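Take a look at the structure set out below.
What follows is calculated from the coordinates using simple rules that are stated; it is not laboratory data. The structure displayed is predicted, hence computed values, not measured ones. Ideal geometry is used to build each Cβ from the backbone, glycine not excepted, and the neighbour counts take in all protein chains shown.
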Amino acid sequence: MKKVLLGFALSFLTIVSVLAQSKTITGRVTSAEEPEGVPGASVVVKGTTQGTITDLDGSYSISVPDNAATLVFSFVGYLTKEMPIGSNSIINVVMDTDVKVLNEVVVTGYGTQERREITGSVTSINSEDIENLVTPSFESQLAGRAPGVQVTTPSGVLGSRPIIRIRGVNSISSSASPLIIIDGVPVVDDDRSAVNASNPLANINPADIESYEILKDGSASAIYGSRAANGVILITTKRGATGKAKVNYSMAMGINEEVERFELLTGDEFVTIANEKVINTNPNATGNARPGENTDWQDIVFRNGFTQQHNLSIAGGSEATKYFFSMGFTDQESPIVANDLKRYSFRANIDHSISKKVRIGNSLSYSLTEINGLNNGANSLSGAIYNATRALPNVLIYDAANTAFDGYNVQPDGSTTGWGNNLAGPDNNIPNIGFVLDNNIYRSRAHRLLGAAYGEVDIINGLTARTQIGVDLTLADDFQSLDPRHGDGRSSNGSVYMAYSPAFRWNWQNTLNYQTIIAEDHNINVTGGLEYQFTNYYRFSAEGTDFSDNFYRMQNLISGSYNNQFSGGSYTEQGFDSYFGRLNYSYLGKYLASFTVRNDGISDLVGDNKRGTFFGGSVGWRLSDEAFFNSELISDLKFRASYAEVGNTGIDAFAAFGGYSPVLGGAGAGIGYSKVANGSLQWETSKKFNIGLDMTIGKVTFSADYFNNDVDGLILAAPTAPSLGVPDNSINQNVGTMVNSGLELRAFSNVINRGKFSWNTDFNITFIENEVTNLVQPLTNTYNRTEVGGPIAQLYGFKWAGVNAANGNVMYYSGENIVQLQGASSWRAYDPANPGDVATAGTAPTQFFLGNTLPKWQGGWSNTFKYGNWDAEIFARFSGGNYIMNESVRGLMGLGFSNNHASILNRWTESGQVTDVPRLYSGRDANTWQNSASNSRFVEKGDFVRIQNIVIGYTVPAAALTSAFNGAISNARFFAQVQNPFTFTSYSGLDPESNQYSGQRQFGVDWNVAPVIRTYTLGLNVGF
């Protein structure tokens, strides 16, 4: 319709030219969205009214004066483009989408709204920036693309779930992850695997996604009430449109590699260091290491993994029925051996108009995702990274003659890796990681059905009733098999564990929407509705150990093949009902308001506390629409403000209920008192305030938001007197409070759009602070501590004071004093005037706060370029203001019989030597490195700038395709891309985003985490 109206609007343009002094220019106007041609586009000689409009296929012909220098091309929804004429008689133009069009329709909760009238804080992300990237799941590629949204990929293991935080951490013990809604259905985002990290969002094919909307402030998300404390991500999948069927095929193939490796000792260096540790401790000893090989065990763990993805879709329809069908296949091999992911997906979205007033439709997707994983426990003997960095580098990986262990170098009894020339085996009898990766199986599979069916009826003019029922069904099964010969399965003579963990959710929504315009100036949009949801979680597991033969453990548990059998299971359910309403009001299109109320009831609370009512409101003023506003520089200016109260349903199942749990004791199965009820337990609530502005200055569109989120009623375990007999000596209470506040800035612009060249840039940055304002008592974990007055999960531990250059003793702070370690466990005072004096006793080191683990600033910067048929994007993101505990390196400075980090070569060896590595003494790890908590010696800044993606593409000219394929192919684009090519950081670990823990109370610890993945791919997009 817009093209028809535009054609009439431009029809007054006439071609006026003196034929004797003119020439004819012809050409075709296309775009990435309409490669077959943009009809109705305006073509005008710059500086005149002389022009024409394009035909249905985008072609045009215009007669111009001989002295004309430039043609100007324009169309609604696209950036105006100027093309020099010169001596050209044919000028073809590819139009670029105008990313700041004010009448862009944005998906909001239970409806849509024009962007110009939005008064909340909503960020939209174009799916085209993400869908061609080879990625296990879509959300990992949202990082840096929206202000206020932090997405961290903590590990390079395929299946690991990214950590998503919207405007900070909004809970201490409950969920801090956002609500994710796909085509109106709130999805289950729990990891259902018991043997692998298995991200449930990896089941969604990114190529099926049309748009992402992120609701950040209280007003935008308040329509979701009790589920909105952590923000909301709305995902809309692709749908059909009226017109002939369009078939699209896309593919990409490439390799995955690790971004970095650890710097370890060679075999020769290891012999020197290992023996030195022993000799320093006992001068009469010689040590157990002997010269042999120079092996890097990382070679057996890392590889170049092959990756490919293929997507095929068909979309089209008539005025009555529109459809979108797709199939997808993804096959990714991690750079870590034995880890891979395969996903098969299918989607069918159909919309049908029964009549002008009645519409029905569905969104349906099915996927099968299979992940082969591995043991990567941070401190596990068979953990891939732990093992590969500790294994003795002076022994071989393989021993071809050792057929009992498949040609791997393993001791004859299978207890540990072969010793080689050494007089002992590695500490803790770590196994040969090559054998482990080849023979142990960690497999997770998930069948997922996600769908919704809807019906809409226009009751009267402006009043529409809609009902939608959605389902999310996940059928997850796990299989873990451990070889009896060597490694984790040796002690049990083989082990097989299987689990079946389905999750089923149904969601039913009913809404009424009324839109009307009163007296031409008052635009009113009212939505009311009710929603019901119920979720069941099941789990059943079975395990067998002590197998009669290795043959029986490869595919499934086989009855009669094992001596010991175990079983287990669990069941959880959650339900809630909701009633909500929203009013959007606009006066003259410049005075805007939105008000929301929602009442939710949840099964996890009791009595009157089951229900909560949540309010939200926002106002806006489009100052640029005022008659008195007259600026040649500022073309658009809007102010916004909002306030809302929302809740958090991510609490424990039946959190307020007490009662009994099953107990298996010596007398058999029974029940035991396990939990005290707390009928006063309530919602965790967030009071969210936001003020912002949106403005366009020349070519630059700018937005700014200040936010303050006051989180109240945090559920924490409050201690009780042991004499009361309360299980765990604690009871859940609403006793915590916390505040997140910050500033978001975004600027984007079409910097250059002239001739064949265009350049778009999009930059965002967020500054954020977190403060805990109330607790019952400090919360302490191994590496972190949370106290009132500071941010959550600060690093907490011992403060390094250096190495005594006089004697090589390690030094720490004890209060304000410095003490040094003398011998294995004696602490002596350090006197700078007499550093060699160890006669004066000192007190043990004390603990301090060592740094904030939450980034204080973060953002992203995208630059896209086009020149003729070539296009390119460089996308960078950045983060900083946080600190990381590098536990990986602390472990690699160990003083036992295992390999070390190469920096240990800087150890103290003589008086007067200045170094940060003390004299090495075998077996003295605990006090030397104070490994019971964080240590400032290994605490580093986490600031980084990462080049996230570099993409280069070439679109084949339409004329060439027509000539070569007679119109069978309408568009084709080849591209090459690299993900994670460069990271600029002072952090010495593998990656500044590596994180062993994903919870809120323990964070910022890099501990034998697999490095993130660098991906190189070549790809093709073809349209038929």
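Once every DSSP H run of n ≥ 4 in the chain is given -39500 (n - 2.57) and the sum is divided by its residues, what mean residue ellipticity at 222 nm do you get, rounded to the nearest 500 deg cm²/dmol? Spell out each step's value before the answer.
Working: 9 runs with 64 residues, N = 1024.
My calculation for the chain gives -1500 deg cm²/dmol from helical runs alone.
What's the center-to-center distance, using Cα atoms, between segment 640-694 and segment 788-831 in Å?
Segment 640-694 and segment 788-831 have Cα centres separated by 40 Å.
Rank-order 519-530, 249-260 by packing density, defined as the average count of other C-beta atoms within 10 Å over each peptide's residues, highest first.
Values: 519-530: 14.8, 249-260: 18.8.
Those peptides, ordered most packed to least, come out 249-260, 519-530.
Taking the Cα centroid of segment 391-432 and of segment 959-1024, what is the distance between the two, rounded to the nearest whole Å?
Here the two parts' Cα centres lie 38 Å apart.
Dividing the alpha-carbon radius of gyration of segment 759-878 by 2.2 N^0.38 Å (N being the number of residues), what value is obtained? Intermediate values should be presented prior to the final figure.
Numbers: Rg = 24.0 Å, N = 120, 2.2 N^0.38 = 13.6 Å.
Ratio of Cα Rg to 2.2 N^0.38 Å: 1.77.
Counting pairs of alpha carbon atoms under 8 Å apart in space and at least six apart in sequence, what relative contact order in percent does segment 273-375 give?
Values: 180 pairs, mean separation 19.7, N = 103.
Over segment 273-375, the number comes to 19 percent.
Given a cut-off of 54 Å, what percent of all Cα-Cα pairs of the chain lie beyond it?
24
Taking 8 Å as the Cα distance limit and 6 or more residues as the minimum spacing, I'd like the relative contact order of the chain as a percentage.
For the chain, the relative contact order is 11 percent.
Relative contact order for segment 515-588: what percent, with Cα pairs under 8 Å and sequence separation of 6 or more? Numbers along the way, then the final one.
Working: 115 pairs, mean separation 35.6, N = 74.
For segment 515-588, the relative contact order is 48 percent.
Over 19 Å between Cα atoms, which of K81/K699; K81/K244; K590/K687; K238/K756; K799/K856; K699/K856 qualify?
Values: K81/K699 13 Å; K81/K244 29 Å; K590/K687 27 Å; K238/K756 30 Å; K799/K856 23 Å; K699/K856 30 Å.
Distance filter (> 19 Å) returns K81/K244; K590/K687; K238/K756; K799/K856; K699/K856.
Please give me, ordered by residue number, the chymotrypsin sites (Phe, Trp or Tyr not before Pro) of segment 619-688 that lie in loop per DSSP and have at most 10 other Cβ atoms within 10 Å.
Working: sites: W621, F628, F629, F639, Y643, F654, F657, Y660, Y673, W683; in loops: F628, F629, F654, F657, W683.
Of the chymotrypsin sites (Phe, Trp or Tyr not before Pro), the ones in loops of segment 619-688 whose Cβ has at most 10 other Cβ atoms within 10 Å are F628.
Please compute the alpha carbon radius of gyration of segment 105-237, then divide it by the globular-protein estimate 2.2 N^0.38 Å. Two decimals is fine. Walk me through the numbers before you get to the answer.
Details: Rg = 14.4 Å, N = 133, 2.2 N^0.38 = 14.1 Å.
Working it through for segment 105-237, the quotient is 1.02.
Got a sec to turn the phi values of segment 332-341 into Karplus ³J(HN,Hα) couplings, 6.51 cos²θ - 1.76 cosθ + 1.60 with θ = phi - 60°, whole Hz, x for Gly and Pro?
Per residue, the Karplus-derived 3J(HN,Hα) values read 10, 9, 5, x, 9, 4, 6, 9, 8, 9 Hz.
In terms of Cα to Cα distance under 17 Å, which lysines are near enough to K356, apart from those fewer than 8 places away along the same chain?
K322
Could you sort 716-722, 813-819, 228-234 so that the peptide with the highest average Cβ count within 10 Å comes first and the rest follow in order?
Values: 716-722: 13.7, 813-819: 16.0, 228-234: 27.6.
For the peptides 716-722, 813-819, 228-234, the packing ranking is 228-234, 813-819, 716-722.
Please rank I209, I517, fewest neighbouring Cβ atoms within 10 Å first, as an exposure proxy.
Working: I209 18, I517 11.
Ascending number of Cβ neighbours within 10 Å: I517, I209.
Roughly how many whole Å is it from the C-alpha centroid of segment 556-579 to that of segment 111-189?
31
Taking Rh as the Kirkwood radius computed over C-alpha pairs, what is the Stokes-Einstein D of segment 255-379 at 4 °C in a medium of viscosity 1.567 mPa s, expressed in µm² per second? Spell out each step's value before the answer.
Numbers: Rh = 20.2 Å.
D = 64 µm²/s.
With θ set to phi - 60°, apply the Karplus curve 6.51 cos²θ - 1.76 cosθ + 1.60 along segment 250-258 and write out the HN-Hα couplings as whole Hz, x wherever there is a Gly or Pro.
For segment 250-258, the Karplus-derived couplings read 10, 8, 8, 9, x, 10, 10, 9, 6 Hz, x marking Gly and Pro.
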